[in-house]
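Report on the structure given below.
The values are calculated or read from the model by the stated rules, or taken from the named source; none is laboratory data. These numbers come from a predicted model, not from an experiment. Cβ placement follows ideal geometry from the backbone for every residue including glycine, while neighbour counts extend to all protein chains displayed. These area figures cover heavy atoms from the full protein model, side chains too; ligands, DNA and RNA do not enter into them. Shrake-Rupley method; radii C 1.70, N 1.55, O 1.52, S 1.80 Å.
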Amino acid sequence: MSAYFYDRVKQRFDYRQLTLAALALWTAEFTVAAVADSRLVAAVPVVLFGLGQGLAFPTVLLWVEELAPDDRKGQYSSYVAMFGYVGQFLSPVVLSPVAGAFEVHAVFATAAAFTGISAVAVGAARLYPVDERA
């Protein structure tokens, strides 16, 4: 069933579209988290983050494996995991000064800006693809 579902999704959407959707969900998640003022509102970002994760991880792994040479697919997949862990390690280091200078809501606003800019970049790359033959 799941192979049928992921095959159907792949026929309808390309990797950039799925990545853009994940970034859009994360941008919305971080934006709502930045302004959340109750437990009920704070639950919304948790759901949006999970939906974004559910789109991003399989999409990026499949995209990288499709681009990787056959004899290096495992190596390239491990790079995806490695950079995910590096990001998890570095994000508190990078964002701690923001939290210290302002508050935790500013951390979420900063993350929203970053993911929003990333979404614009992915969308622009989709609209204006680079000719790799040049």
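Being of a type in the set (Phe, Trp, Tyr) and crowded, with 16+ Cβ neighbours inside 10 Å is the filter; apply it to segment 28-64 and report the residue that is nearest to VAL104 (Cα to Cα). Restricting to residues being of a type in the set (Phe, Trp, Tyr) and crowded, with 16+ Cβ neighbours inside 10 Å, the top hit is PHE30. Each residue in segment 80-109 was checked for being closer than 22 Å to PRO45 by Cβ, open to solvent by less than 60 Å² (accessible area, probe 1.4 Å) and within 17 Å of the chain's Cα centre (by Cα), and 5 of them qualify. Specify which of the listed residues (VAL32, VAL98, VAL107, VAL41) is touching a Pro at 6+ places or on another chain (Cβ under 7 Å), at pLDDT 90 or above and more than 26 Å from ARG126 (Cα to Cα). Within the list VAL32, VAL98, VAL107, VAL41, the selection yields VAL32. If you go through segment 65-79 and keep only what is open to solvent by 40 Å² or more (accessible area, probe 1.4 Å) and in a helix (DSSP H, G or I), you end up with GLU65, GLU66, LEU67, ASP70, ASP71, ARG72, LYS73, GLY74, GLN75, TYR76, SER78, TYR79. Name the residues in segment 78-109 that are touching a helix residue (DSSP H, G or I) at 6+ places or on another chain (Cβ under 6 Å) and among the small types (Gly, Ala, Ser), would you? Within segment 78-109, ALA99, ALA106, ALA109 meet the criteria. Here SER77 meets each of (1) among the small types (Gly, Ala, Ser); (2) under 16 Å from LEU23 (Cα atoms); (3) in contact (Cβ under 8 Å) with a residue 12 or more places away in the chain with one exception, condition (2). Could you please find all residues in segment 23-54 being polar (S, T, N, Q) and not in a helix (DSSP H, G or I)? If the condition is that a residue be polar (S, T, N, Q) and not in a helix (DSSP H, G or I), then SER38 is the only one that fits.
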